[in-house]
1. Please list 3J(HN,Hα) in residue order for the stretch 33-48, calculated via the Karplus relation 6.51 cos²θ - 1.76 cosθ + 1.60 where θ = phi - 60°; whole Hz, with x for glycine and proline.
2. Sorted by accessible area (1.4 Å probe), largest first, how do Phe123, Phe140 line up?
3. Let me check something: with ligands and nucleic acids excluded, how do Trp36, Trp95 order by accessible area (1.4 Å probe), largest to smallest?
4. Non-local amide H neighbours of Asp53 (under 5 Å, H modeled in plane, Pro and chain starts lacking H): which ones?
5. Where the accessible area of the chain is counted over protein heavy atoms with a 1.4 Å probe, how much of it, in %, is carbon and sulfur?
6. Given 0.36 nm per residue, what is the gain on full extension from Arg55 to Cys127 after removing their alpha carbon distance, in nm?
7. Which of the trypsin sites (Lys or Arg not before Pro) found in the stretch 70-138 are in a DSSP loop and have at most 14 neighbouring Cβ atoms, other than their own, within 10 Å?
8. Mind running the shape call on the chain? Use the C-alpha gyration tensor, a ≥ b ≥ c as the square roots of the eigenvalues: rounded below 1.5 for a/c, prolate if a/b tops b/c, oblate otherwise.
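The values are calculated or read from the model by the stated rules, or taken from the named source; none is laboratory data. All of these numbers come straight from a predicted model, not from anything done at the bench. So basically every Cβ, Gly included, is an ideal-geometry build from the backbone, and we count neighbours across all protein chains shown. Note: areas computed on protein heavy atoms with side chains; ligands, DNA, RNA excluded. Shrake-Rupley method; radii C 1.70, N 1.55, O 1.52, S 1.80 Å.
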Amino acid sequence: MSTAPATAGSPDADEPEATRREAGVAESSRANRGWWDRNADDYQVEHGTFLGDDRFVWGPEGLDEVEAELLGPPEELKGKDVLEIGAGAAQCSRWLVAQGARPVALDLSHRQLQHALRIGGSFPLVCADAGDLPFADASFDLACS
């Protein structure tokens, strides 16, 4: 394995070099939003079928809320105000609506929320950073991500 730096014309020359440096909260948020906006379409192509339009799946392992009941019994979600943080295309919010909850789907990426609009739903979509939520304290009965 070579440890020499990539030179012009070598196969690795087009790869960006990873570096570490201090960055503020605002810069990190902009970079994160930019990455997700650029990659949202590919993410939905790669994961959309697995996630479905209205499933509540916890993580890449595929733990389904229907079986896990991490939010409690589904019948107890009825009438609850729920904040879905990092909603992407808001699949979990659609599932929550079906249980009678009143979700708000929040995501940093405008492009991810465009996918949520494309799929549809009768709940608010909010484009905001989870590190700076635009809601008053105690606005929700529970939050999930």
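1. 4, x, 4, 5, 4, 6, 10, 4, 4, 4, 4, 5, 5, 6, 10, x
2. Phe140, Phe123
3. The ranking, largest first, comes out as Trp36, Trp95.
4. It is none; the list stays empty.
5. With neighbouring chains kept in place, the figure for the chain is 51 percent.
6. 23.8 nm
7. Filter output for the stretch 70-138: Lys78.
8. prolate
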